[in-house]
Amino acid sequence: MDRSSNLRVGFRGALIAVCLLMGACSQSAQADSPFESIFSTDDCWLCSDKPLLGSLKNRPLAGDWTYSVGGEFRYRYMDEQNRLRPAGTTHNNVDLWRVVPFFEVGNDWITAHVEAIDASIFDNEIARLPIDENRADLLQYYLDVNLWGEPGDGMLRFRAGRQFLKLGSQYLVSPLPWANTYRDFEGFRLYWPDPLWDVDVFSVRPVNGAAVATQFRPTSRDLPDSSVWFTGVYVSRKQVFGGALDGYWFWNKEDQPLDTRHDGNTHTVGVRHSGTKPLASSVNWGWDAELGAQWGNDNFVTAPRRNVAAGFAAANSGVTFTKAPWTPAIKGIFWWGSGDNSPGTGTVHTINTLYPFGHFYWGILDNFNGANLVQYGVQGTIKPHDKLTLLAAWHWFDKANKEDFIYNIAGAGLGGATASRNIGHELDLIGTYAVNANLSVQLGYSWFWYGDAVNEQVALARGDAHQAYLMTTWGF
């Protein structure tokens with residue numbers, strides 16, 4: 001089946017799914033808006049906000065002990081062409097399935113959580129990736145204990161075991177929910193959630209292929225990487241200059257680093273300020289600005305370790321018109337991740353973005369990981385109905401240093417020095433239909449027009465990139 005046939009099949013399936021959901025949620029009564037008849041929730045079992053296993057949430061067990069059973073089911077169909085992969089120009093048509101059930105038991109003082117995962121991939125036309133498949137494994141298992149404090153007044157808690165890390169903007173640390181396998185860690189975490197302060201202290205090892213480039217065990221038991229320790233402190237203080245002020249230190253120590261990607265032994269410190277503020281009775285202004293610096297040593301490109309001196313800057317800001325029809329919002333996007341003007345020699349100036357949520361920031365086509373990258377963008381959203389959100393985003397990408405590589409989403413350095421800095425620009429279109437609090441359907445399409453920094457390199461030159469996807473997510 002050729003690419004155009006695959007696209008037709010995929011979008012036909014997407015259209016059928018959306019129409020079925022719309023039909024299931026329709027009503028015969030005439031509505032005031034053309035969208036009301038489509039998205040009404042009257043007499044619709046799919047549209048209920050009650051989860052499929054809602055009766056098994058927070059069930060009494062004995063005394064003040066309760067238990068919960070639930071999880072998530074997700075399916076994603078993807079059709080992609082000419083992404084920046086080391087294998088060159090490729091077409092990939094793929095079905096991704098993920099089931100994540102969990103069981104939890106506890107009270108206000110102690111909680112035990114066990115979560116499994118079965119993530120599978122079908123009909124792929126290229127090799128499987130570490131973020132695509134993880135069959136019948138344990139995603140999370142931990143014991144969470146209240147060491148001091150009362151519920152609602154701030155508690156010092158300790159968590160030991162396999163767990164997610166989600167910190168701040170997620171530019172550097174994220175569970176990567178877009179991946180079919182998530183990203184998890186195993187170790188210890190001490191945290192303090194409080195009305196004014198949030199403090200996280202942790203020391204963990206990365207576990208699965210989404211966190212460790214050298215580990216891909218889709219059909220055997222996941223084990224933490226014994227060569228890596230990821231340690232850090234993240235502190236957030238609310239109500240500072242009208243928003244939240246965050247500060248952090250991360251230490252990523254790799255005893256067996258690769259010379260094909262950045263890892264080594266590095267420290268990263270940063271500061272972030274984010275918040276929202278009403279500019280008028282019907283306009284809200286939001287902002288998120290972050291600066292970071294990185295130092296240590298690495299053996300990237302050449303075997304001998306070299307010193308690291310790198311950094312990044314990010315800023316996102318925009319306005320939402322809360323009382324205008326369809327609640328339009330628009331924001332500007334900026335990212336600068338340092339690159340190296342002499343890769344392979346001297347000090348390493350290319351930023352290592354650690355464990356980021358790249359899909360959320362650097363284009364949904366997933367070409368980049370933020371290293372040696374400058375991004376300018378604009379994003380707009382509208383809500384024709386409470387259940388429907390439409391998003392359009394445009395991104396312009398340049399190299400920070402034209403002598404350095406282009407770093408793809410996996411952190412692999414592609415190509416080499418170029419005369420031009422321009423990598424290209426991307427247009428993303430996404431529609432999300434929230435059937436209810438538990439079920440959503442999302443359609444997305446992306447175009448990427450490559451610039452001279454790609455096309456002047458024979459090994460990287462390719463036609464425009466495209467990506468279409470349909471994703472359904474159901475919590476139960």
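When THR350, THR327, THR381 are checked against the criterion of being outside any loop (DSSP other than H, G, I, E, B) and touching a residue at least 40 places away in the same chain (Cβ under 8 Å), THR381 stands alone in meeting it.
Would you point out the residue of the range 442-460, among those that are among the polar types (S, T, N, Q) and in contact (Cβ under 8 Å) with a residue 24 or more places away in the chain, that is nearest to TYR75 (Cα to Cα)? Only one residue fits best here, namely GLN442. Under the condition of being part of a strand (DSSP E or B) and at pLDDT below 95, which residue from the range 254-268 is surrounded by the fewest Cβ atoms within 10 Å (Cβ to Cβ)? For the range 254-268, the residue satisfying everything is ASN265. Are any of the residues in the range 446-468 closer than 30 Å to GLU115 by Cβ, at pLDDT 95 or above and not small (Gly, Ala, Ser)? There is at least one residue in the range 446-468 that is closer than 30 Å to GLU115 by Cβ, at pLDDT 95 or above and not small (Gly, Ala, Ser). Among strands (runs of 3 or more DSSP E) entirely within the range 91-154, having at least 1 residues that are under 21 Å from GLN215 (Cβ atoms), modelled with pLDDT of 95 or more and aromatic (Phe, Trp, Tyr) singles out 134-149.
Of the residues making up the range 163-181, just one is touching a residue at least 60 places away in the same chain (Cβ under 8 Å), more than 12 Å from PRO356 (Cβ to Cβ) and in contact with a Pro (Cβ under 9 Å, 6 or more places away or on another chain), namely THR181.
Only one entry of ALA136, ALA179 meets the criterion of being surrounded by fewer than 21 Cβ atoms within 10 Å (Cβ to Cβ) and over 22 Å from TRP229 (Cβ atoms), and that entry is ALA136. Could you tell me how many of the residues in the range 299-340 are surrounded by 15 or more Cβ atoms within 10 Å (Cβ to Cβ) and under 19 Å from GLY415 (Cα atoms)? Here the count works out to 7. Given the structure, is LEU258 free of Cβ contacts under 8 Å to residues at least 24 places away in the same chain and either in the same structural domain as VAL99 (by TED's automatic domain parsing) or within 22 Å of the chain's Cα centre (by Cα) (or both)? Criteria not met by LEU258. When the range 401-423 is filtered for residues that are hydrophobic (A, V, I, L, M, F, W, C), out of contact with any helix residue (DSSP H, G or I) (no Cβ under 8 Å at 6 or more places or on another chain) and farther than 13 Å from ASN369 by Cβ, only ALA417 remains. All of TRP229, TRP251 fail the test of being under 26 Å from PRO304 (Cα atoms), assigned by TED's automatic domain parsing to the domain that holds ASP144 and touching a His at 6+ places or on another chain (Cβ under 6 Å), apart from TRP251. The residues of the range 269-307 that are in contact (Cβ under 8 Å) with a residue 60 or more places away in the chain and part of a strand (DSSP E or B), listed by number, are GLY270, ARG272, SER274, ASP288, GLU290, GLY292.
The number of residues in the range 95-121 being under 15 Å from ALA179 (Cα atoms) and of a type outside the set (Asp, Glu) comes to 9. In the set (1) in contact with a helix residue (DSSP H, G or I) (Cβ under 8 Å, 6 or more places away or on another chain); (2) in a helix (DSSP H, G or I), the condition left unmet by VAL454 is number (1). Across the range 175-217, which residue is nearest to the chain's Cα centre (by Cα) among those that are in a loop (DSSP other than H, G, I, E, B) and among the acidic types (Asp, Glu)? The extreme case among them is ASP184.
Number of residues in the range 222-248 that are within 30 Å of THR276 (Cα to Cα), buried (at least 16 other Cβ atoms within 10 Å of the Cβ) and over 21 Å from the mean Cα position of the chain (by Cα): the value is 3. Counting the residues of the range 184-197 that are of a type in the set (Asp, Glu) and modelled with pLDDT under 95 gives 1.
Against the criterion of being in the same structural domain as ALA315 (by TED's automatic domain parsing) and either without any contact (Cβ under 8 Å) to a residue 24 or more places away in the chain or crowded, with 22+ Cβ neighbours inside 10 Å (or both), ALA412 does not qualify.
Would you confirm, using the coordinates I've provided, whether ARG157 is part of a strand (DSSP E or B) and over 20 Å from the mean Cα position of the chain (by Cα)? Considered against the rule, which asks whether it is part of a strand (DSSP E or B) and over 20 Å from the mean Cα position of the chain (by Cα), ARG157 comes out as yes.
The values are calculated or read from the model by the stated rules, or taken from the named source; none is laboratory data. The structure presented is a predicted model; accordingly, all values stated were derived computationally and were not measured. Positions of Cβ are generated from backbone atoms using ideal geometry, with glycine treated the same way; all protein chains shown enter the neighbour counts.
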